[in-house]
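Below: one structure, written as structure tokens.
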Amino acid sequence: MAELEEIAQQVRTCTDCRLAESRTIAVPGEGPDHPALLFIGEAPGYHEDQQGRPFVGAAGQFLEQLLASIGLRRDQVFITNMVKCRPPNNRDPLPGEIAACGKYLDRQVQLLRPKVVVTLGRHSLAKFLPGATISKVHGRPRSLGSFILYPMYHPAAALHQQSLRSIVEEDFKKIPSLLTQQAKPTEEAPASQQLSLL
Ligand code: URA
Ligand code: SF4
């Protein structure tokens, strides 16, 4: 079995944190084996938990619109989350849950080798840039190890807060130029952060 599918199978039966008790279906993530773009959200919500697929609710529809605005379909990118099981009542994932689930995401990133990693929201941002503030770093690409990190606001936040919508749309429009860019960092991350990815 391909290793990505092996990870997905492990996720579907994982009981390594308490979210296993309340989930309906775990959501490993989906997309091509070697996508140029990897999107990392927060956690499955109601619809994702019902279907076992990431970003299939309202935030997912918005994400699909955003992808279409740059000429992409969702099956051309890989989409996953910080934690693979839905937190009860969509609460924030706890640090211990993020830590327990991180091994799956780390292996996915290693295998997928994306050119650009787009973090959606502050939880996935914190994985790569601990301490960064999303209002300061959104829309600003930086080279991080083998990929370009591109922090964005979460599409669900833009749905709830009208003022964020145009910011998300503008940030999204910069993605095509990142995909064609040679590995030319616009902002270097400290070596310590690069190492933390390995
Ligand atoms: N929000 C997320 O962060 N992830 C999903 O999969 C759906 C909504
Ligand atoms: Fe396992 Fe992650 Fe689900 Fe927790 S959230 S049970 S670590 S797959």
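The values are calculated or read from the model by the stated rules, or taken from the named source; none is laboratory data. A quick note: this is a predicted structure, and the numbers were derived from the prediction, not measured. As a convention, Cβ positions derive from the backbone with ideal geometry for all residues, glycine included, and neighbour counts pool all protein chains shown. Accessible surface is based on the protein model in full, side chains and every heavy atom, while ligands, DNA and RNA are left aside. Shrake-Rupley method; radii C 1.70, N 1.55, O 1.52, S 1.80 Å.
Across Glu42, Glu21, Glu30, mean-square fluctuation computed from a Gaussian network of the chain (C-alpha pairs under 10 Å connected) peaks at Glu21.
Considering only protein heavy atoms, what per residue accessible area in square angstrom results for segment 1-116 with a 1.4 angstrom probe? Walk me through the numbers before you get to the answer.
Working: 5460 Å² over 116 residues.
Per-residue accessible area for segment 1-116 comes out at 47 Å².
Heavy-atom accessible area for His138, with the other protein chains in place and a 1.4 Å probe, reaches approximately 40 Å².
Backbone amide hydrogens, once placed in the peptide plane, bring Glu42 within less than 5 Å of Met82, excluding anything fewer than 5 places away on its chain. In this label model, Ala20 and Arg107 are separated by 1.4 nm, measuring between points 7 Å along each Cα→Cβ vector.
When each pair of different Cα atoms in the chain is counted once in the 1/r mean, what is the Kirkwood radius in angstroms, to one decimal?
Numbers: mean 1/r = 0.0595 Å⁻¹.
16.8 Å is the Kirkwood radius here.
Computed over the chain, the per-residue total of -39500 (n - 2.57) for DSSP H runs of n ≥ 4 gives a 222 nm mean residue ellipticity of -12500 deg cm²/dmol, rounded to 500. Candidate membrane-span-like segments in the chain, meaning DSSP H helices with Cα atoms spread over at least 20 Å of their own axis and a Kyte-Doolittle mean of -0.5 or above, are 95-112, with no membrane implied. The charge dipole of segment 2-182, taken about its Cα centre with unit charges on the Cβ atoms of Lys, Arg (+1), Asp and Glu (-1) only, comes to about 460 debye. Multiply the residue separation of Glu6 and Asn89 by 0.36 nm, subtract the distance between their alpha-carbon atoms, and state the gained length in nm to one decimal. Net length gain for the segment: 27.0 nm.
The apolar share of the surface of segment 39-177, taken as the fraction of accessible area on carbon and sulfur atoms (1.4 Å probe, ligands and nucleic acids excluded), comes to 51 percent.
Mind scanning Lys103/Lys174; Lys84/Lys174; Lys84/Lys115; Lys103/Lys173; Lys103/Lys136 and naming the pairs with a C-alpha gap bigger than 26 Å?
Details: Lys103/Lys174 30 Å; Lys84/Lys174 28 Å; Lys84/Lys115 22 Å; Lys103/Lys173 31 Å; Lys103/Lys136 28 Å.
Exceeds cut-off: Lys103/Lys174; Lys84/Lys174; Lys103/Lys173; Lys103/Lys136.
Among Arg142, Arg165, the order of accessible area from largest down is Arg165, Arg142, computed with a 1.4 Å probe on protein heavy atoms.
When DSSP assigns beta bridges and you keep just the ones with both residues in segment 2-182, what percent turn out antiparallel, to the nearest 5? Spell out each step's value before the answer.
Values: 4 of 17 bridges.
Roughly 25 percent of the beta bridges in segment 2-182 run antiparallel, per DSSP.
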